[in-house]
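See structure below.
The values are calculated or read from the model by the stated rules, or taken from the named source; none is laboratory data. The structure presented is a predicted model; accordingly, all values stated were derived computationally and were not measured. Here the Cβ positions follow ideal geometry from the backbone for every residue, glycine too, while neighbour counts run over all protein chains shown.
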Amino acid sequence: MKIKEEFKKLIPALSVEEYKQLEENCLAEGIRESIITWNGYIIDGHNRYEIATKHNLKYESIDKSFNSEEDVKEWMICNQFGRRNLSNYQRSVLALELESVFSARAKEKEYIRKTTSQISDESMPEVSTKKELAKVASVSHDTIAKVKKIQATATPEIKAQLNAGTISINEAYQDIKKEENKEQRLIKENIEYKPKNIYIPKIIKSDCLDILKDIPDIDLLLTDPPYFTHGDFTNHISKCLQKVKSTGQAYIFAGAYPKEMQAYLNLNSYHMELMQILVWNYNNTGQRQPNEKYTSNYQVCFYYRGKNAPFINKPADGKNQYACQTINAPDARIGDRYHKWQKPNQLIENLILNSSNVGDFIFDPFSGSGTTLVTAAKNDRFAIGCDIDEEAIKVCIKRGCSYEI
């Protein structure tokens, strides 16, 4: 059998769990459903064929007849709508693929109409409207419109998260609109708009205390120090807070352990005032249930402000200013987890946008996988971080940071 990537990509990929379950079912019961082909190319049953080949299982196949590749694609997409428990994002992506099929077919018919008189207009029905596409896909026309914009502008990382269901269509769409609104606002205010990544984030191999005197005064200190299981770094944080401008702000993450929280509450924050203890909650990581306490699925974040710090840049969506942020932890299965205790990009971006402005200097004394650095640069901030872990530094470089010993 032959595999055509153009056909295969029309079928939403199974999750790791779904594929494992299908494989277990096939091993226990055999390949019960026939693999469907067209001219020898698989159009339904890619996963079953892969499993059958891997385990040398018997299977049956049925070759269907279609007039063109557009007809094959239409059948495949409609077949997915009828058989798969798809998310609204996946349904919308398929609807856009179906729209492309209809568009290609319309162009072909228009060419035939112009070059021959043998086919009348009555024999060529109109392409399905967007409303009809939405009906076939069982999603709203507005949802398809949002996904169309996401597909055109979002990063592969965001699309992977959408496909895995770790972020919603509205969250991804609002992020795109924020960037567009920022550009329009800066242009309107006659401020030169700097495209993304004009600032290259820098990672330095060093203990933060050794470079504090050499870096600029800090507009925003944002960091996630090691937990107390790896040592007490409150003195490092105290010295870094001393370096923050009186107009600056700071976010310090910490583990939700009484001893650790107490130590941070007692540290010398100099001119920086502790305003709040924020909470990051995550519900997507499996943990062994402890016997004498509750499962911990949150971390705290100490929020400081200088005496002359400006107001928070209130986000259009007030949810990004909630003291408790519920965002899934990075997931290695979709390729966005580089470090065991890595914070989600969306969480860090919310804090950066709320408490800094374009061109501000952001410092992360415990950079880890570099999430603060690359997210700051993405949003036109100048970011420097440091770490002493060679593997962490390699990850930072891989994610786009320049390196300095």
Next on the checklist: Test of understanding: among Gln299, Gln346, which residue is within 25 Å of Asp387 (Cα to Cα) and at pLDDT 90 or above?
Outcome noted: Gln299
Checklist outcome for this item: Taking first residues from region 385-402 that are in the same structural domain as Ile215 (by TED's automatic domain parsing) and more than 8 Å from Gly370 (Cα to Cα) and second residues anywhere that are outside any helix (DSSP H, G or I) and aromatic (Phe, Trp, Tyr), the pairs with Cβ under 6 Å that are 6 or more apart or on different chains are Ile397/Tyr403
Next on the checklist: Condition (residue is farther than 18 Å from Gln346 by Cβ and either among the aliphatic types (A, V, I, L, M) or in a helix (DSSP H, G or I) (or both)) applied to region 174-183: is it met by at least one residue?
Outcome noted: yes
Item to check | Test result for Lys202, out of contact with any strand residue (DSSP E or B) (no Cβ under 8 Å at 6 or more places or on another chain), more than 25 Å from Lys314 (Cβ to Cβ) and at pLDDT 90 or above | outcome: no
Item to check | Given (1) touching a strand residue (DSSP E or B) at 6+ places or on another chain (Cβ under 7 Å); (2) over 21 Å from Leu212 (Cβ atoms), index of the condition Lys314 fails | outcome: (1)
